[in-house]
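> One structure, pasted below without further comment.
The values are calculated or read from the model by the stated rules, or taken from the named source; none is laboratory data. Fair warning: this is a prediction, and the values are worked out from it, not measured in the lab. FYI the Cβ positions are ideal-geometry reconstructions off the backbone, even for glycines, and counts take in every protein chain you see. Calculation scope for accessible area: heavy atoms of the full protein, side chains included, ligands and nucleic acids excluded. Shrake-Rupley method; radii C 1.70, N 1.55, O 1.52, S 1.80 Å.
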Amino acid sequence: MKAFYAEEQRRHDPKAFLSSGAPKPNPEQPERVDRLLAGARTAGCSIERPQAFGLGPIAAIHTAEYLDFLQHIFERWQRIEGASAEVIPNIHPIARGGSYPASAVGQAGYHMADTACPISAETFDSACWSAWTAVAAADAVLAGSDAVYALCRPPGHHAFADVAGGFCFLNNSAIAAQRLRDAAKRVVILDVDLHHGNGTQGIFYARGDVLTVSIHADPARFYPFFWGHADERGEGPGLGANLNLPLPRKSGDEAFLEALDVALRRIRAFAPDAIVVALGLDAFEGDPFGGLSVTTAGFTRIAAAIAALRLPAVIVQEGGYLCEALGDNLTAFLAGFSR
Ligand SMILES: [Zn+2]
(Lines give C-alpha, C1' and ligand atoms only; values in the text may rest on other atoms or scores of the structure.)
Protein backbone atom coordinates (compact mmCIF):
# COMPACT_ATOMS: atom_id res chain seq x y z
CA MET A 1 0.00 0.00 0.00
CA LYS A 2 1.17 3.51 -0.78
CA ALA A 3 1.65 5.78 2.26
CA PHE A 4 2.50 9.42 2.89
CA TYR A 5 4.37 11.16 5.71
CA ALA A 6 6.47 14.32 6.09
CA GLU A 7 9.20 14.65 8.70
CA GLU A 8 8.03 18.18 9.66
CA GLN A 9 5.01 16.57 11.36
CA ARG A 10 7.33 15.39 14.12
CA ARG A 11 8.31 18.92 15.20
CA HIS A 12 5.09 19.74 17.05
CA ASP A 13 5.99 18.57 20.55
CA PRO A 14 3.26 19.58 23.05
CA LYS A 15 4.21 19.52 26.73
CA ALA A 16 1.15 20.51 28.72
CA PHE A 17 -1.95 18.40 29.27
CA LEU A 18 -4.57 18.48 32.01
CA SER A 19 -6.19 15.20 32.94
CA SER A 20 -9.06 15.63 35.40
CA GLY A 21 -7.43 18.93 36.33
CA ALA A 22 -4.00 17.42 37.02
CA PRO A 23 -0.97 18.39 34.90
CA LYS A 24 0.35 15.33 33.02
CA PRO A 25 2.72 14.87 30.06
CA ASN A 26 0.86 15.40 26.78
CA PRO A 27 0.12 11.94 25.30
CA GLU A 28 0.27 13.16 21.68
CA GLN A 29 4.04 12.64 21.48
CA PRO A 30 6.28 12.80 18.38
CA GLU A 31 7.41 9.26 19.26
CA ARG A 32 4.02 8.06 17.99
CA VAL A 33 5.41 8.69 14.52
CA ASP A 34 8.25 6.16 14.99
CA ARG A 35 5.83 3.45 16.08
CA LEU A 36 3.39 4.20 13.28
CA LEU A 37 6.12 4.35 10.62
CA ALA A 38 7.43 0.99 11.79
CA GLY A 39 3.91 -0.45 11.72
CA ALA A 40 3.26 0.87 8.21
CA ARG A 41 6.57 -0.51 6.93
CA THR A 42 5.89 -3.94 8.44
CA ALA A 43 2.56 -3.91 6.59
CA GLY A 44 4.52 -3.40 3.36
CA CYS A 45 3.84 0.31 2.86
CA SER A 46 6.20 2.35 0.72
CA ILE A 47 6.36 5.79 2.33
CA GLU A 48 6.46 8.91 0.19
CA ARG A 49 6.80 12.56 1.10
CA PRO A 50 3.82 14.74 0.17
CA GLN A 51 4.32 18.02 -1.64
CA ALA A 52 3.46 21.32 0.06
CA PHE A 53 -0.01 22.19 -1.29
CA GLY A 54 -0.26 25.68 0.22
CA LEU A 55 -3.26 26.87 2.20
CA GLY A 56 -5.81 26.21 -0.59
CA PRO A 57 -7.00 22.70 0.38
CA ILE A 58 -6.87 23.64 4.09
CA ALA A 59 -8.90 26.82 3.57
CA ALA A 60 -11.54 24.70 1.83
CA ILE A 61 -12.42 23.47 5.36
CA HIS A 62 -11.05 26.04 7.82
CA THR A 63 -11.94 29.75 8.12
CA ALA A 64 -9.46 32.48 7.20
CA GLU A 65 -9.79 33.98 10.69
CA TYR A 66 -8.83 30.65 12.32
CA LEU A 67 -5.89 30.03 9.98
CA ASP A 68 -4.61 33.52 10.74
CA PHE A 69 -4.95 32.77 14.47
CA LEU A 70 -3.02 29.46 14.18
CA GLN A 71 -0.31 31.08 12.12
CA HIS A 72 0.39 34.05 14.41
CA ILE A 73 -0.83 33.24 17.92
CA PHE A 74 2.45 31.77 19.21
CA GLU A 75 4.39 34.92 18.32
CA ARG A 76 1.67 37.13 19.83
CA TRP A 77 1.58 34.99 23.01
CA GLN A 78 5.31 35.50 23.55
CA ARG A 79 4.74 39.24 23.84
CA ILE A 80 2.42 38.79 26.85
CA GLU A 81 4.43 39.31 30.04
CA GLY A 82 4.55 36.19 32.19
CA ALA A 83 2.63 34.04 29.69
CA SER A 84 3.12 30.27 29.44
CA ALA A 85 5.68 28.83 26.99
CA GLU A 86 2.87 27.21 24.97
CA VAL A 87 -0.45 28.81 24.04
CA ILE A 88 -3.10 27.37 26.37
CA PRO A 89 -6.52 28.98 26.84
CA ASN A 90 -7.86 29.93 30.27
CA ILE A 91 -11.28 31.29 29.30
CA HIS A 92 -13.92 30.08 26.83
CA PRO A 93 -17.17 31.65 25.65
CA ILE A 94 -20.09 29.64 27.06
CA ALA A 95 -21.61 30.07 23.60
CA ARG A 96 -20.41 31.78 20.46
CA GLY A 97 -21.89 35.28 20.57
CA GLY A 98 -21.46 38.13 18.16
CA SER A 99 -18.12 39.48 19.31
CA TYR A 100 -14.64 38.38 18.32
CA PRO A 101 -12.02 39.50 20.85
CA ALA A 102 -8.91 41.39 19.73
CA SER A 103 -6.83 39.99 22.60
CA ALA A 104 -4.60 36.94 22.16
CA VAL A 105 -5.99 35.42 25.39
CA GLY A 106 -9.57 35.98 24.24
CA GLN A 107 -8.89 34.53 20.80
CA ALA A 108 -7.19 31.48 22.33
CA GLY A 109 -10.37 30.79 24.29
CA TYR A 110 -12.48 31.40 21.17
CA HIS A 111 -10.49 29.05 18.91
CA MET A 112 -9.38 26.32 21.36
CA ALA A 113 -12.00 23.98 22.82
CA ASP A 114 -9.84 22.64 25.64
CA THR A 115 -6.32 22.60 27.12
CA ALA A 116 -5.20 19.46 25.24
CA CYS A 117 -3.94 21.31 22.16
CA PRO A 118 -1.12 23.63 23.25
CA ILE A 119 0.40 25.67 20.43
CA SER A 120 4.17 26.11 20.14
CA ALA A 121 6.44 27.66 17.49
CA GLU A 122 6.30 24.49 15.37
CA THR A 123 2.60 23.66 15.65
CA PHE A 124 1.17 25.39 12.58
CA ASP A 125 3.86 24.09 10.25
CA SER A 126 3.50 20.52 11.58
CA ALA A 127 -0.29 20.71 11.26
CA CYS A 128 -0.01 21.94 7.66
CA TRP A 129 2.26 19.04 6.71
CA SER A 130 -0.14 16.67 8.43
CA ALA A 131 -2.98 18.10 6.31
CA TRP A 132 -0.86 17.93 3.13
CA THR A 133 -0.16 14.27 3.87
CA ALA A 134 -3.93 13.70 3.80
CA VAL A 135 -4.28 15.72 0.58
CA ALA A 136 -1.49 13.71 -1.10
CA ALA A 137 -3.24 10.48 -0.11
CA ALA A 138 -6.54 11.75 -1.51
CA ASP A 139 -4.82 12.71 -4.76
CA ALA A 140 -3.23 9.25 -5.02
CA VAL A 141 -6.68 7.70 -4.65
CA LEU A 142 -8.01 10.06 -7.31
CA ALA A 143 -5.13 8.94 -9.54
CA GLY A 144 -6.28 5.33 -9.23
CA SER A 145 -4.83 3.80 -6.03
CA ASP A 146 -7.26 1.46 -4.21
CA ALA A 147 -6.18 2.43 -0.71
CA VAL A 148 -3.60 4.88 0.60
CA TYR A 149 -2.43 5.42 4.17
CA ALA A 150 -1.84 8.99 5.41
CA LEU A 151 0.35 9.08 8.52
CA CYS A 152 -1.16 12.32 9.81
CA ARG A 153 0.24 13.74 13.01
CA PRO A 154 -0.91 15.91 14.76
CA PRO A 155 -4.32 14.24 14.34
CA GLY A 156 -7.38 16.12 13.13
CA HIS A 157 -10.85 14.80 13.90
CA HIS A 158 -11.54 17.02 16.95
CA ALA A 159 -10.79 20.19 14.94
CA PHE A 160 -13.84 22.15 13.75
CA ALA A 161 -13.78 24.74 10.95
CA ASP A 162 -12.46 27.34 13.41
CA VAL A 163 -11.70 25.49 16.65
CA ALA A 164 -8.78 23.32 17.78
CA GLY A 165 -9.31 20.65 20.45
CA GLY A 166 -8.21 17.25 21.72
CA PHE A 167 -4.65 17.32 20.23
CA CYS A 168 -6.10 18.43 16.84
CA PHE A 169 -5.62 21.67 14.85
CA LEU A 170 -6.50 20.99 11.20
CA ASN A 171 -9.10 18.36 10.32
CA ASN A 172 -7.08 16.08 8.03
CA SER A 173 -9.95 13.66 7.37
CA ALA A 174 -12.30 16.51 6.42
CA ILE A 175 -9.63 18.07 4.20
CA ALA A 176 -9.10 14.73 2.41
CA ALA A 177 -12.87 14.28 2.02
CA GLN A 178 -13.24 17.78 0.55
CA ARG A 179 -10.38 17.05 -1.87
CA LEU A 180 -12.34 14.02 -3.11
CA ARG A 181 -15.56 16.09 -3.25
CA ASP A 182 -13.80 18.69 -5.39
CA ALA A 183 -13.18 15.89 -7.89
CA ALA A 184 -16.94 15.19 -7.84
CA LYS A 185 -16.69 12.04 -5.72
CA ARG A 186 -19.52 11.12 -3.38
CA VAL A 187 -17.76 10.65 -0.05
CA VAL A 188 -18.26 9.01 3.35
CA ILE A 189 -16.04 9.56 6.38
CA LEU A 190 -16.05 6.57 8.72
CA ASP A 191 -14.42 7.39 12.06
CA VAL A 192 -13.31 4.38 14.12
CA ASP A 193 -11.27 6.32 16.71
CA LEU A 194 -12.09 5.70 20.37
CA HIS A 195 -13.30 9.29 20.66
CA HIS A 196 -16.21 10.79 18.73
CA GLY A 197 -15.09 12.76 15.66
CA ASN A 198 -16.82 15.92 16.82
CA GLY A 199 -14.88 18.31 14.60
CA THR A 200 -15.63 16.26 11.50
CA GLN A 201 -19.31 16.04 12.46
CA GLY A 202 -19.42 19.80 13.03
CA ILE A 203 -17.82 20.60 9.68
CA PHE A 204 -20.30 18.53 7.66
CA TYR A 205 -23.34 18.74 9.97
CA ALA A 206 -25.44 20.85 7.61
CA ARG A 207 -24.23 19.14 4.42
CA GLY A 208 -25.90 16.20 2.77
CA ASP A 209 -23.15 15.51 0.24
CA VAL A 210 -20.72 13.96 2.75
CA LEU A 211 -21.93 11.18 5.03
CA THR A 212 -20.23 11.18 8.45
CA VAL A 213 -20.31 8.04 10.59
CA SER A 214 -18.54 7.61 13.93
CA ILE A 215 -18.17 4.59 16.24
CA HIS A 216 -16.83 5.63 19.65
CA ALA A 217 -17.05 5.40 23.44
CA ASP A 218 -20.34 6.83 24.75
CA PRO A 219 -19.76 10.57 25.34
CA ALA A 220 -22.13 10.54 28.32
CA ARG A 221 -19.01 9.65 30.34
CA PHE A 222 -16.15 10.23 27.90
CA TYR A 223 -14.41 12.95 25.88
CA PRO A 224 -15.67 14.96 23.93
CA PHE A 225 -18.80 14.84 26.20
CA PHE A 226 -20.88 17.45 24.33
CA TRP A 227 -21.09 15.65 20.97
CA GLY A 228 -21.32 12.08 19.71
CA HIS A 229 -24.76 11.10 20.96
CA ALA A 230 -27.00 8.86 18.86
CA ASP A 231 -29.66 11.55 18.38
CA GLU A 232 -27.29 13.92 16.51
CA ARG A 233 -28.33 13.23 12.92
CA GLY A 234 -27.39 16.38 11.03
CA GLU A 235 -29.41 19.50 10.24
CA GLY A 236 -30.98 21.19 7.23
CA PRO A 237 -29.74 19.57 4.02
CA GLY A 238 -27.47 17.41 6.21
CA LEU A 239 -30.32 15.87 8.20
CA GLY A 240 -29.80 12.09 8.13
CA ALA A 241 -26.21 12.37 6.83
CA ASN A 242 -24.62 11.98 10.27
CA LEU A 243 -24.68 8.69 12.17
CA ASN A 244 -23.27 8.25 15.67
CA LEU A 245 -22.85 4.78 17.13
CA PRO A 246 -21.75 5.21 20.77
CA LEU A 247 -20.63 2.08 22.63
CA PRO A 248 -20.26 1.35 26.36
CA ARG A 249 -16.67 1.47 27.66
CA LYS A 250 -14.68 -1.79 27.46
CA SER A 251 -17.24 -3.41 25.19
CA GLY A 252 -14.71 -5.39 23.08
CA ASP A 253 -14.32 -6.64 19.51
CA GLU A 254 -17.76 -8.19 18.98
CA ALA A 255 -19.68 -5.08 20.04
CA PHE A 256 -17.45 -2.94 17.83
CA LEU A 257 -17.99 -5.22 14.84
CA GLU A 258 -21.76 -5.19 15.40
CA ALA A 259 -21.75 -1.37 15.38
CA LEU A 260 -19.53 -1.46 12.30
CA ASP A 261 -22.10 -3.66 10.59
CA VAL A 262 -24.76 -0.97 11.19
CA ALA A 263 -22.32 1.67 9.89
CA LEU A 264 -21.56 -0.31 6.74
CA ARG A 265 -25.25 -0.82 5.97
CA ARG A 266 -25.80 2.95 6.19
CA ILE A 267 -22.73 3.56 4.01
CA ARG A 268 -23.93 1.11 1.32
CA ALA A 269 -27.32 2.86 1.26
CA PHE A 270 -25.55 6.21 0.71
CA ALA A 271 -23.73 4.66 -2.29
CA PRO A 272 -20.47 6.64 -2.07
CA ASP A 273 -17.65 6.59 -4.64
CA ALA A 274 -14.90 6.82 -2.02
CA ILE A 275 -14.31 6.45 1.72
CA VAL A 276 -12.12 8.33 4.18
CA VAL A 277 -11.34 6.13 7.19
CA ALA A 278 -10.51 8.24 10.25
CA LEU A 279 -8.29 5.60 11.81
CA GLY A 280 -7.81 5.94 15.55
CA LEU A 281 -6.05 3.00 17.18
CA ASP A 282 -6.93 4.16 20.71
CA ALA A 283 -9.92 1.80 20.95
CA PHE A 284 -7.19 -0.80 21.69
CA GLU A 285 -7.37 -2.65 25.02
CA GLY A 286 -3.79 -1.64 25.94
CA ASP A 287 -3.95 2.01 24.80
CA PRO A 288 -3.41 4.56 27.62
CA PHE A 289 -7.01 5.73 27.00
CA GLY A 290 -8.07 2.05 26.99
CA GLY A 291 -11.67 2.79 26.18
CA LEU A 292 -13.22 0.05 24.06
CA SER A 293 -11.01 -3.04 24.61
CA VAL A 294 -10.51 -3.76 20.91
CA THR A 295 -7.74 -6.34 20.34
CA THR A 296 -4.93 -6.33 17.76
CA ALA A 297 -6.71 -9.14 15.88
CA GLY A 298 -9.89 -7.06 16.13
CA PHE A 299 -8.28 -4.28 14.06
CA THR A 300 -7.66 -6.77 11.24
CA ARG A 301 -11.33 -7.81 11.32
CA ILE A 302 -12.49 -4.18 11.39
CA ALA A 303 -10.27 -3.34 8.41
CA ALA A 304 -11.39 -6.39 6.41
CA ALA A 305 -15.05 -5.48 6.97
CA ILE A 306 -14.45 -1.90 5.75
CA ALA A 307 -12.37 -3.10 2.79
CA ALA A 308 -15.26 -5.38 1.76
CA LEU A 309 -17.11 -2.18 0.70
CA ARG A 310 -14.60 -2.19 -2.19
CA LEU A 311 -14.41 1.59 -2.20
CA PRO A 312 -11.27 3.60 -2.98
CA ALA A 313 -10.01 4.49 0.48
CA VAL A 314 -7.97 7.23 2.12
CA ILE A 315 -6.91 5.93 5.53
CA VAL A 316 -6.12 8.93 7.74
CA GLN A 317 -4.31 8.43 11.04
CA GLU A 318 -6.14 9.93 14.01
CA GLY A 319 -5.50 8.85 17.64
CA GLY A 320 -3.65 5.88 19.09
CA TYR A 321 -1.16 6.54 21.87
CA LEU A 322 2.14 5.18 23.11
CA CYS A 323 1.87 1.54 24.07
CA GLU A 324 3.82 -1.56 23.14
CA ALA A 325 1.38 -2.63 20.41
CA LEU A 326 0.77 0.72 18.65
CA GLY A 327 2.82 -0.24 15.57
CA ASP A 328 1.45 -3.79 15.57
CA ASN A 329 -2.11 -2.45 15.63
CA LEU A 330 -1.45 -0.34 12.56
CA THR A 331 0.15 -3.32 10.81
CA ALA A 332 -2.88 -5.44 11.76
CA PHE A 333 -5.29 -2.85 10.37
CA LEU A 334 -3.42 -2.25 7.11
CA ALA A 335 -2.94 -6.00 6.60
CA GLY A 336 -6.69 -6.52 7.06
CA PHE A 337 -7.38 -3.77 4.56
CA SER A 338 -5.04 -5.23 1.92
CA ARG A 339 -6.53 -8.70 1.93
ZN1 LIG B 1 -9.03 9.28 20.05
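> At 0.36 nm per residue, and after removing the present C-alpha to C-alpha distance, how many nm does the segment from residue 80 to residue 209 gain when stretched out fully?
42.1 nm
> A further question on this structure: Give me the distance in nm between label points sitting 7 Å out from Cα along the Cα-to-Cβ direction at residue 254 and residue 308, one decimal.
Each label point is offset 7 Å from its Cα along the Cβ direction, giving 1.7 nm.
> Contour minus end-to-end for residue 230 and residue 161, with contour as 0.36 nm per residue of separation and end-to-end as the Cα-Cα distance?
Here the answer is 22.6 nm.
> I'd like the FRET efficiency for residue 64 and residue 15, computed as 1/(1 + (r/R0)^6) with the beta carbon distance as r and R0 of 41 Å, rounded to 0.05.
Using R0 = 41 Å, I get an efficiency of 0.90.
> Also: Write down, largest first, the equivalent ellipsoid semi-axes of segment 1-122 in whole Å, where each equals the square root of 5 times an eigenvalue of the alpha-carbon gyration tensor.
31, 19, 13
> While we're looking at this one, here's another question. With charges only on Cβ, +1 for K and R and -1 for D and E, what is the dipole size of the chain about its Cα centre, in debye, rounded to 20?
In debye, rounded to 20, the chain gives about 540.
> Shifting gears a bit: Check each of the chymotrypsin sites (Phe, Trp or Tyr not before Pro) in segment 1-104 and keep only those in coil by DSSP with at most 15 other C-beta atoms within 10 angstrom; list them in order.
none
> Here's something else I'd like to know. So what is the 222 nm mean residue ellipticity for the chain from helices alone, if each DSSP H run of at least 4 adds -39500 (n - 2.57) and you divide by all residues, rounding to the nearest 500 deg cm²/dmol?
One gets -11000 deg cm²/dmol as the mean residue ellipticity at 222 nm.
> Tally up the carbon and sulfur contribution to the accessible surface of the chain as a whole percent, 1.4 Å probe, everything protein left in place.
Heavy-atom surface of the chain belonging to carbon and sulfur, 1.4 Å probe: 53 percent.
> Taking 0.36 nm per residue of sequence separation and subtracting the Cα-Cα distance, how much length would be gained by fully extending the chain between residue 41 and residue 239, in nm to one decimal?
67.2 nm is the gain from fully extending residue 41 to residue 239.
> Quick check: Cα centre of segment 181-239 to Cα centre of segment 305-339, how many Å?
The two parts, judged by their Cα centres, are 20 Å apart.
> Under a plain spin-label model, where a point goes 7 Å from the Cα along Cα-to-Cβ, how far apart in nm are residue 48 and residue 271?
Reported label-point gap for residue 48 and residue 271 is 3.2 nm.
> Can you list the trypsin sites (Lys or Arg not before Pro) in segment 11-90 that are in a DSSP coil and have 16 or fewer other beta carbons within 10 angstrom?
11, 15, 79
> Further question on the same structure: Out of all DSSP beta bridges in the chain, what portion is antiparallel? Express it as a percent rounded to 5.
10
> What chymotrypsin sites (Phe, Trp or Tyr not before Pro) in segment 138-236 are in a loop by DSSP, with at most 15 other Cβ atoms within 10 Å of the Cβ?
Loop-located and lightly packed - 225, 226.
> Distances over 25 Å make up what percent of all Cα-Cα pairs in the chain?
Tail of the P(r) past 25 Å holds 46 percent of the pairs.
> Something else now. Could you tell me the calculated FRET efficiency between residue 338 and residue 125, based on Cβ-Cβ distance and R0 = 30 angstrom, to the nearest 0.05?
0.40
> Please compute the modelled spin-label separation between residue 95 and residue 33, points set 7 Å along Cα→Cβ, answer in nm with one decimal.
Between residue 33 and residue 95, the simple spin-label model gives 4.2 nm.
> Could I ask something else about it? Order 123-136, 300-313 from most to least packed using the mean count of other Cβ atoms within 10 Å.
123-136, 300-313
> Then there is this: Send over a whole-number figure in Å² for the accessible area per residue of the chain, probe 1.4 Å.
38
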